[in-house]
Amino acid sequence: MANWLDGKVVENRRLNDELTSLIIEAPLGSFEPGQFVRIGLEQDGEIVARPYSLVNTADEDYLEVYFNIVEEGPLSPRLFALHSGDDVLVADNPSGFLTVSGVPQCKHLWMIATGTGIGPFLSILKSEAVWQRFEKVVLCYSVSRGEELAYQDSIQQIASQHATEFCFVPIVTRESFADAMSSRVPALLQDGSLEQRAGIEINADDSHVMMCGSKDMIADVSETLTSRGMKKHRRRDPGHFTTEKYH
Ligand code: NAP
């Protein structure tokens, strides 16, 4: 049973009317990059809480979660409206298996994110372990509009620190945008253009694929990978792709 930690909002960093990063001060202990934590607010004497992936690493000062408003949702509109200094609750038991420690030995790590699914990958990319384990790390980040490509400064910083090992592939699906690819990830895998852009193939011998975001994207990409002889990774039955959905 989790205990609730008292947290304070340090900043509500809005990207637009639907997307925001909430920066929270709370005494959470250690966690693995890629894990999520339950965030909650009291309502009528009860705690309403939902899981949110942590964008920060355990050695950063503040917790950070990146999310979109779910209009009819019981929590996200209220979290979205919080201001600096407001109270928020954080469960003390981070969990989840979208972590590098769970990935079997291989050469290339692919991270495929749609929308707010970018969050846990940023935590992983900011930590050291991922750069010690893989020859090449490819981050594919798909959004509908260019303005929804969040954390571009952080991603550019990671790219400059790991110029030879890191490849960032932005994908913008509803408008033409800078050097972004323009089709959804499953189509880019099927026509080979995603791997062409990254300069490496996805295959069962060399690759592990982590996915986070739209459940339909995860289902479609999983099907494509399965058709290439890859299988879902489970702790007791190692495979080639790891997914997480907390919809
Ligand atoms: P979105 O803003 O609706 O879509 C983002 C991108 O995904 C767009 O480029 C969109 O393409 C593309 N997309 C939508 N359906 C697709 C499909 N079937 N195949 C391939 N690409 C597809 O955001 P979202 O990705 O739906 O939302 C993010 C989800 O991630 C939320 O449901 C959130 O709860 C979840 N999330 C999970 C975790 C976790 O499990 N740890 C962490 C953070 C977020 P179009 O423009 O063509 O539609």
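The values are calculated or read from the model by the stated rules, or taken from the named source; none is laboratory data. Computed from a prediction, not measured in an experiment: that's the story for all the values here. Neighbour counts run over all protein chains shown; Cβ positions are idealised from the backbone, glycine included. In case anyone asks, the SASA skips ligands and DNA or RNA and just uses the protein heavy atoms, side chains included. Shrake-Rupley method; radii C 1.70, N 1.55, O 1.52, S 1.80 Å.
Just want to confirm a number: the relative contact order over the range 4-91, from Cα pairs under 8 angstrom separated by 6+ residues, in percent. RCO, the range 4-91: 39 percent. Pairs of lysines in the range 90-247 whose Cα atoms sit within less than 18 Å of one another amount to 9, provided the residues are eight or more positions apart or on different chains. In angstrom, the C-alpha Rg and Dmax of the chain are 17.9, 54. Accessible surface for the chain, divided over its residues, is 49 Å² per residue with a 1.4 Å probe. To put it simply, the accessible area of the range 4-91 at a 1.4 Å probe is 43 percent carbon and sulfur. Label positions at residue 133 and residue 93, each projected 7 Å from the Cα along the C-beta direction, are separated by 2.4 nm.
The share of accessible area on the range 125-171 that comes from carbon and sulfur is 43 percent, using a 1.4 angstrom probe.
Of the heavy-atom accessible surface of the range 181-241 (probe 1.4 angstrom), what whole percent is carbon and sulfur? That share works out to 43 percent. Relative contact order of the range 72-214, taken over Cα pairs closer than 8 Å and 6 or more residues apart, is 29 percent. State log₁₀ I(q)/I(0) for the range 100-243 at q = 0.14, 0.18, 0.19 Å⁻¹ as given by the Debye formula over alpha-carbon point scatterers of equal weight, solvent excluded. Here log10 of I(q) over I(0) equals -0.60, -1.05, -1.19.
Of all alpha-carbon pairs in the range 4-91, indicate the percentage at a distance above 15 angstrom.
Beyond 15 Å sits 55 percent of the P(r) for the range 4-91.
Restriction of the trypsin sites (Lys or Arg not before Pro) in the range 199-232 to DSSP coil positions whose beta-carbon has at most 10 other beta-carbons within 10 angstrom yields no sites. Positive contributions from Lys and Arg (+1) and negative ones from Asp and Glu (-1), summed over other residues with Cβ under 14 Å from the Cβ of residue 64, come out at -2. With contacts taken as Cα pairs under 8 Å at a separation of at least 6 residues, the chain carries a relative contact order of 17 percent. As a ratio to 2.2 N^0.38 Å, the alpha-carbon radius of gyration computed for the range 196-247 takes the value 1.14.
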